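Everything on this sheet refers to the single structure shown next.
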Amino acid sequence: MIKLVRLDYRLLHGQVVFAWTRNHGIDFIVVADDETAGDDFKKMSLSLAKPAGVGLEILPTKEAIRMINGGRYARKTVLLVCGNTKEALRLASEVTEITKINYGNVAEKPGSKKYDLSVYLTPEEVGDTKAIMAAGVKVEMQQLPSTSCTKMENVLE
């Protein structure tokens, strides 16, 4: 069962991943990221960032969707991580189990606007986010389980 879906451009990142896995009793992490799935060095680096005793698969987004919908993780408590709003939209559109996405860290880039402590969205990313919400999936921004949570619906124009 998917316990948490998180968008973080860093994918797995030390303290953040440990805090969320502990807080939600996660025993398996699925990284859905096309670029990383095809890069052995990145995959090796991410495998070093996961907590001990927690399983990990790094898959292209299409394959992650197929595996989730096929029931591969039904007996696991899963943290599903993606790196950008495009992949979050694909996941939200194609995995009915997803009801909420946590935007933890979206990097600042040219043309982006700050929406939360570490969430900067371009107009295109805002469009993806609105499409996610239109599909009935809630979007929240929260850095760590111990920090405040902001509902995206309250800050998007």
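The values are calculated or read from the model by the stated rules, or taken from the named source; none is laboratory data. If you're wondering where the values come from, they're calculated on a predicted model, not measured in any experiment. We place every Cβ from the backbone using ideal geometry, glycine too, and count neighbours over all the protein chains shown.
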Exercise for the section: Can you run down the residue pairs with Cβ atoms below 9 Å, 6 or more apart or on separate chains, where the first is in region 121-140 and over 12 Å from Lys100 (Cα atoms) and the partner is at pLDDT below 95? Expected result: Leu121/Leu156; Val126/Leu156; Val126/Glu157; Lys130/Leu156
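Filter region 95-109 down to the residues that are touching a residue at least 40 places away in the same chain (Cβ under 8 Å) and touching a Phe, Trp or Tyr at 6+ places or on another chain (Cβ under 9 Å) and list them by number.
Kept after step one, since they are touching a residue at least 40 places away in the same chain (Cβ under 8 Å), are these residues of region 95-109: 95, 97-98, 100-107.
Passing the criteria: Asn102, Tyr103, Gly104, Asn105, Val106, Ala107.
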Problem - region 28-42 residues that are without any contact (Cβ under 8 Å) to a residue 40 or more places away in the chain, paired with ones that are of a type outside the set (Lys, Arg) (beta carbon under 7 Å, 6 or more apart) - result: Ala37/Ile58; Ala37/Leu59; Ala37/Pro60; Lys42/Thr36
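Using the structure shown, decide if Leu46 is crowded, with 17+ Cβ neighbours inside 10 Å, modelled with pLDDT under 95 and either in contact with a strand residue (DSSP E or B) (Cβ under 8 Å, 6 or more places away or on another chain) or not in a helix (DSSP H, G or I) (or both).
Numbers: crowded, with 17+ Cβ neighbours inside 10 Å: yes; modelled with pLDDT under 95: yes; either in contact with a strand residue (DSSP E or B) (Cβ under 8 Å, 6 or more places away or on another chain) or not in a helix (DSSP H, G or I) (or both): yes.
It is true that Leu46 is crowded, with 17+ Cβ neighbours inside 10 Å, modelled with pLDDT under 95 and either in contact with a strand residue (DSSP E or B) (Cβ under 8 Å, 6 or more places away or on another chain) or not in a helix (DSSP H, G or I) (or both).
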Handout entry: Check on Ile26, assigned to a loop (DSSP other than H, G, I, E, B), in contact with a strand residue (DSSP E or B) (Cβ under 9 Å, 6 or more places away or on another chain), over 25 Å from Ala135 (Cα atoms) and at pLDDT 95 or above
Key = yes
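In region 63-87, what residues are in a helix (DSSP H, G or I), touching a residue at least 24 places away in the same chain (Cβ under 8 Å) and more than 16 Å from Leu12 (Cβ to Cβ)? Outline the logic, then answer.
Filtering region 63-87 for residues in a helix (DSSP H, G or I) gives 63-69, 85-87.
Right, trim to touching a residue at least 24 places away in the same chain (Cβ under 8 Å) and you get 63-65, 67-69, 85-87.
Listed by number, the residues that qualify are Glu63, Ile65, Met67, Ile68, Asn69, Thr85, Lys86.
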